[in-house]
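K.L.:
This structure is in structure tokens; I'll ask about it shortly.
Just so you know, all these numbers are worked out from the coordinates, no wet-lab data involved. A quick note: this is a predicted structure, and the numbers were derived from the prediction, not measured. Cβ atoms come from the backbone with ideal geometry, glycine included; neighbour counts cover every protein chain shown.
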């Protein structure tokens with residue numbers, strides 16, 4: 001979280017609308033659902049990105065139509081960030097945890 005947004009993300013208004021988005025999307029990642037994959041949502045993403053200029057505009061910051069629930073990997077993908085896998089699964093289904 002960016003320092004200028006910290007107060008917003010701790011606000012009751014954000015917590016309330018975040019919960020509404022989670023309930024609307026059944027706590028599932030909507031991007032994964034589009035690929036027929038069921039993944040729990042961990043984050044609520046602003047479609048129109050929050051900036052220092054618009055964070056106080058409720059039509060952007062607190063508008064349910066501007067929010068979408070995503071898993072961490074899809075959220076990072078929407079922001080163009082590389083994701084580091086915390087684990088891998090081999091062809092026999094064995095899980096290996098990354099040392100990082």
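K.L.:
Gain in length, residue 15 to residue 48, computed as 0.36 nm per residue apart minus the alpha-carbon separation, to one decimal in nm?
P.N.:
Roughly 10.1 nm would be gained on extension.
K.L.:
What do you get for Rg/Rh of the range 3-97 when both radii come from the Cα atoms and Rh is the Kirkwood radius?
P.N.:
We get a ratio of 1.05 for the range 3-97.
K.L.:
Another question, if that's okay. Please give the FRET efficiency for residue 5 paired with residue 36, using the beta carbon to beta carbon distance and R0 = 41 Å, rounded to the nearest 0.05.
P.N.:
After rounding, the FRET efficiency stands at 0.80.
K.L.:
On a 0 to 90° scale, report how tilted helix 12-24 is relative to the longest principal axis of the chain, with both axes built from alpha carbons and the result rounded to the nearest 10.
P.N.:
50
K.L.:
While we're on this one: Using helices alone, I'd like the mean residue ellipticity at 222 nm for the chain: each DSSP H run of four-plus residues gives -39500 (n - 2.57), total over residue count, nearest 500.
P.N.:
Calculated from helices alone, the mean residue ellipticity at 222 nm is -8000 deg cm²/dmol.
K.L.:
Subtract the Cα-Cα distance of residue 64 and residue 78 from 0.36 nm times their separation in residues, and report this length gain in nm to one decimal.
P.N.:
3.2 nm
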